[in-house]
Structures are given as C-alpha cells and as structure tokens.
Amino acid sequence: MNLIKKPLISVILPVYNSEKHIQLTIESIINQTIHDFELIIINDGSSDKSFEIVSNYAKIDSRICLINQSNQGLAKTLNKAIEIARGEYIARMDADDVALPYRLAYQLTLLREKKLDICGASVQLIGAATGYWHYPYSHEGCEAELLFGVPFAHPSVMGYSRVFRELKYSSVLSVVEDYDLWQRVWAAGFKMGNVPEVLLQYRVHRKQISALYRRQQAQNSRQIRSRHWQQLLRSKLGISETEAQEAEKNPWKTIQLLRELQQCYKGTEAEKILRYAFLRLCSHRLHSWVLSQTS
C-alpha cells in the first residue's frame, strides 16, 4: 500500500494582485530551516501577474500546492486552504510579508514546550512604516489584550490544524476576521501565546484593508471587544451578561470591574496590560465615535 506522507506544517498563503512582493514572500518560506511543510497558495482572482509568478515556483518545488479561483474574499479563501491543509500545524502567511528563516522552527518549539494551541510572534514593520510590534507572550496576556484588539499579528500566526478546522474564519464581521477568530479561539478554551523574538517582516502600505475600511473596522472591532468584555467578566468575576453590558455604559463601574480583573491577574503579564485599560478602552470608544461622525 503506497501511503503519502503528510507534511508536519501547512503554510497557507492567499494571493490577490501581489506581483510586486510575492516572489520574496515565497522565497522566505521555501528557505525555512524546517523543510517538512507544504505551501498552499490560493490565487484569489488576481488580475496581475501573481498567478504566473507562483506557477513558476510550483513547477520547481513540489511542496507548493497552487489553486486558482475567482475572487472569493479573504475569509472564504483561508477556509478553503484550511480544508485542504494536511499538516498537523497550520501557519499563516500574507503575500507581501517576509518570514525570517527560523520562523517555523521557533514557533513549533514554543507550541510544543509551552503546550499552546496557537501562537504568533513579534514583527518588524517594513514598507510605509518602520519599527516593531510586540505582543503578549503568555496566555493570560493574550486574554487581557483581547479586550482592546488582536493579540497576534495575523500573518505571524501558527497553530494546530484542529483549532482552525473547528472554528474557521467568519465573514460576518468583515475586515476584522482575524480578531473575531482569536476571540473565539480563547472562548473555546484554547491556549495562546507569542514568541517574543521578531520572526516576520510585516509590510505596511496604503492598500491594506485596515487603511481603506477604517470605519467598518472600528464598528466590528467594537462588537468583538464588547463580546470579550462580557465573556471575560463572566469567566473571571462571575458577572452576568446584563451587568457587564450595563458596566460598559458606566465609566465608574467599568473602572471598578477593571480593578477587580487586575487582582485576578496579580503578578502576571496581564496585570501590567490592564494597568491602563480604562484609558485604552476610552480611546477605542472615542475613535469609533469620531469615525461615525465623519463621512
């Protein structure tokens, strides 16, 4: 009986009009220090030379699985890749970013040693911005960070395939599909964290979704923050959904509950994250209001 060996890791890479950077992105994956992976590339209806470029790589590297489709959008494309993935782990990648050579190796080590289900990493900004983004390294830190936004840089995420298959991406809250998924990952009881070292160069440019649809992003993010607020208060403090909703409207009650949450995380990374929680929440709410008032 001829059994085809399954890869350890499935790297999923959606592509849409990415001819300018896709070659560098693919090179950064096929030159990883870990070689036991498949690279699933789905060309989501590109009108430039993206498909042609990727096709040339697929001809010379058997680890590349190339699929061409009409434009379906990010969530549906990622879910298709998840269904196809054969690896024990799934790693995300974007078509304009660069993975450092040891990215997969470092994340695999963290997942196994810390018994995590999903993890991200610090990233270096390239393109239209410079600097670094660092994320909470512990599960508790990620849990607290979800009150304000994503605990991961999306293209840096790697985790067990079973997590992605169980929950998948949803297109209901468009533009913030990743934030929605990470919050549901937490709610399902999975453990998360981040590699503190920089493992990805994250490209910032004007065409990114977050720059084009800021109003929609702010509105949908607020829904997810509210959902996490209610679920976290119920989990940590035994607060009912109704009481949590009322507290969102009352600044003084919000401050009180945030102080109680801090006590739950005494001596952890999450306690530090929650130190300025009220100001961060106010900043998000003000930002959402300003966007709602502008055309």
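Counting only lysines at least 8 places from K49 when in the same chain, those with an alpha carbon closer than 30 Å to its own are K20, K59, K76, K80, K168, K207. Within the same chain, aspartates and glutamates fewer than 8 places from K253 are excluded, and of the rest, those with a Cα less than 19 Å from its Cα are E241, E243, E271. Using the Cβ-Cβ distance between N68 and E27 with R0 set to 30 Å, the FRET efficiency works out to roughly 0.90.
Take I67: with every protein chain present and a 1.4 Å probe, its accessible area is about 30 Å². Each residue of segment 225-240 was assigned a 3J(HN,Hα) from its phi angle through the Karplus curve 6.51 cos²θ - 1.76 cosθ + 1.60 (θ = phi - 60°); the sequence is 4, 5, 4, 5, 4, 5, 6, 5, 5, 5, 5, 8, 10, x, 7, 6 Hz, with glycine and proline shown as x. Taking Cα atoms, how many degrees apart are the long axis of helix 277-293 and the longest axis of the chain, rounded to 10 and kept between 0 and 90? Relative to the chain, helix 277-293 is tipped by roughly 70 degrees. Magnitude of the charge dipole for segment 1-106, about its Cα centre and with charges confined to Cβ atoms of Lys, Arg (+1) and Asp, Glu (-1), is about 280 debye. Here the sum of -39500 (n - 2.57) over DSSP H runs of 4 or more residues, divided by the residues of the chain, equals -14500 deg cm²/dmol at 222 nm, to the nearest 500. Using a Gaussian network model on the chain with a 10 Å cutoff between Cα atoms, which of A129, A81, A91 fluctuates the most? Highest fluctuation among the options: A129.
Over the chain, all Cα pairs binned in 5 Å intervals from 0 give whole-percent P(r) values of 1, 5, 11, 15, 18, 17, 13, 9, 6, 3, 2, 0, 0, 0, listed from short to long.
Extents of segment 49-130, taken as max minus min of Cα coordinates on every principal axis and listed largest first, are 39, 35, 28 Å. Largest GNM mean-square fluctuation across K59, K168, K76, computed for the chain with C-alpha springs under 10 Å, falls on K59. Computed from label points 7 Å out along Cα-Cβ, the spacing between K236 and R214 is 3.0 nm. Taking amide H atoms as placed 1.01 Å from N in the peptide plane, the amide H of V195 lies under 5 Å from those of G120, A121, S122, each 5 or more residues away in sequence or on another chain. Reachable aspartates and glutamates from K272, Cα under 18 Å, same-chain residues fewer than 8 places away excluded? By straight Cα distance, K272 reaches E140, E143, E145, E260.
The values are calculated or read from the model by the stated rules, or taken from the named source; none is laboratory data. Values in this document were obtained by computation on a predicted structure and should not be read as measured data. Cβ: placed from backbone, ideal geometry, glycine included. Neighbour counts: every protein chain shown. Ligands, DNA and RNA are excluded from the accessible area calculation, which covers all protein heavy atoms including side chains. Shrake-Rupley method; radii C 1.70, N 1.55, O 1.52, S 1.80 Å.
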